[in-house]
Amino acid sequence: QSPLIQCITNFVSMDLMANTLLSAGASPAMLHTLEEIPDFTPQVHALCLNVGTLSADWLPAMKLAAELAHKSGKPWVLDPVAAGASGFRLRACLELVELKPTVIRGNASEIIALANASVGLTKGVDSSHESTDAVESAKSLARASGAIVAVSGAVDIVTDGKRVVGAHNGVAMMTKITATGCSVTALIAAFVAVDQAHALEATAAALSLFGIAGEMGMKLANGPASLRMHLIDSLHGLDEVCVLAHVKIASLS
Ligand SMILES: Nc1ncnc2c1ncn2[C@@H]1O[C@H](COP(=O)(O)OP(=O)(O)O)[C@@H](O)[C@H]1O
Ligand SMILES: Cc1ncsc1CCOP(=O)(O)O
Ligand SMILES: [Mg+2]
């Protein structure tokens, strides 16, 4: 279906995120100017908001885009990068959560910070927790927000507040490439755009597929830089037979 995905994202991630969407068959558009949002956002199939390099002047565009997506029945996905790193960032993330994201995807430390509304000891954009440490936080955030919540890590956890699913694909080397988390959030937006009625399943499938591409890519890679290239090539080359042979999604609840 090649869904059109609007991404308002951090400067670090723009290239890898756009290439991830293209290699998966979606159409990325990195449009973030406030003046363009009223014309453009109602036309997209899904929206991805990412606060990685947030500054105050970007926030009104993010909020307007989220409101328009919600109003026009389009899914939108939030990546609360480094949510617990500062009061400014945490407040911005909490305000965005109020605007009804379809999915929230973060690493474990981000989901714990958001669920507890707490600023604290952080490693910035990286996680200092395992995804399994964040299951209860993810469930309570899902219940409080109405969003599907995904926690990435060695096991990617996806919950709607009741059901909990684990996607077990991926390789640890993916954490050594900047913006893989951002990019899988955008991939989730593309998957949810195609199957909005099954947002939990679409989220788990996107995480699993990205992980499978990482596993395939790792067979050809020598380190993070070559994995970045082979991850994109592998994502582009995935077919149904390969996905069905490697997908590892299991119920955890
Ligand atoms: N230990 C791991 N083993 C396998 N895959 C991992 C591991 N840690 C993270 N990943 C994968 O790397 C990608 C980025 O996740 P993560 O590093 O948690 O996000 P972020 O970059 O936002 O912190 C995801 O696809 C995730 O499944
Ligand atoms: C390094 C960095 N700094 C601000 S945003 C960003 C990218 C984070 O990407 P990811 O969360 O996917 O690791
Ligand atoms: Mg991240």
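The values are calculated or read from the model by the stated rules, or taken from the named source; none is laboratory data. It should be emphasised that the depicted structure is a prediction, and the values quoted were computed from it without experimental measurement. Every residue, glycine as well, gets a Cβ built from its backbone with ideal geometry; the counts of neighbours run over all protein chains shown. SASA here: full protein model, heavy atoms, side chains in, ligands and nucleic acids out. Shrake-Rupley method; radii C 1.70, N 1.55, O 1.52, S 1.80 Å.
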Query raised in the report: What single numbered condition from (1) open to solvent by 30 Å² or more (accessible area, probe 1.4 Å); (2) modelled with pLDDT of 95 or more fails to hold for Thr122?
Result: (2)
Query - Single residue of Asn169, Asn107 found to be under 30 Å from Leu227 (Cβ atoms) and within 13 Å of ligand 3 (Cβ to nearest atom) - result: Asn107
Query raised in the report: With (1) in contact with a Leu (Cβ under 8 Å, 6 or more places away or on another chain); (2) more than 16 Å from ligand 2 (Cβ to nearest atom); (3) open to solvent by 40 Å² or more (accessible area, probe 1.4 Å) as the list, and Val194 as the residue in question, which single condition is left unmet?
Result: (1)
**Report entry** Pairs, first farther than 12 Å from Thr102 by Cα in segment 134-157, second of a type in the set (Asp, Glu) and not in a helix (DSSP H, G or I), C-beta under 8 Å, six or more apart
**Finding:** Gly153/Glu130; Ala154/Glu130
Report summary line: Inside segment 27-49, the number of residues satisfying the requirement of being assigned to a loop (DSSP other than H, G, I, E, B), surrounded by fewer than 24 Cβ atoms within 10 Å (Cβ to Cβ) and in contact with a Leu (Cβ under 8 Å, 6 or more places away or on another chain) is 1
Requested in this report: Could you grab the pairs with beta carbons closer than 6 Å, sequence gap of 6+ or different chains, first residue in segment 169-182 and modelled with pLDDT of 95 or more, second one assigned to a helix (DSSP H, G or I) and among the acidic types (Asp, Glu)?
Outcome: Val171/Glu215
Report summary line: If we keep only residues of segment 71-85 that are without any contact (Cβ under 8 Å) to a residue 40 or more places away in the chain and in contact with a strand residue (DSSP E or B) (Cβ under 8 Å, 6 or more places away or on another chain), then the residue surrounded by the most Cβ atoms within 10 Å (Cβ to Cβ) is Ala83
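Can you tell me which residues in segment 156-174 are within 16 Å of ligand 2 (Cβ to nearest atom) and over 14 Å from the mean Cα position of the chain (by Cα)? Break it down into steps so the answer makes sense when it comes.
Going residue by residue through segment 156-174, those that are within 16 Å of ligand 2 (Cβ to nearest atom) are 156, 170-174.
Those that are within 16 Å of ligand 2 (Cβ to nearest atom) and over 14 Å from the mean Cα position of the chain (by Cα): Gly170, Val171, Ala172, Met173, Met174.
Within segment 125-153, track down each residue that is within 15 Å of ligand 1 (Cβ to nearest atom), within 29 Å of Ala197 (Cα to Cα) and open to solvent by 80 Å² or more (accessible area, probe 1.4 Å).
Residues satisfying the conditions are Thr132, Asp133.
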Requested in this report: Select from segment 196-253 the residues that are of a type in the set (Val, Ile, Thr) and under 24 Å from Ala46 (Cβ atoms) and write down the one among them that is nearest to the chain's Cα centre (by Cα).
Outcome: Thr203
Query - Unique residue being under 23 Å from Ser253 (Cα atoms) and among the basic types (Lys, Arg) when the list is Lys123, Lys139, Lys176 - result: Lys139
Query raised in the report: Counting only residues that are more than 24 Å from Ala193 (Cβ to Cβ) and surrounded by fewer than 20 Cβ atoms within 10 Å (Cβ to Cβ), which one in segment 90-107 is farthest from ligand 1 (Cβ to nearest atom)?
Result: Arg91
Query raised in the report: Can you tell me which of Ala186, Ala225, Ala172 is closer than 27 Å to Asn10 by Cα and open to solvent by less than 40 Å² (accessible area, probe 1.4 Å)?
Result: Ala186
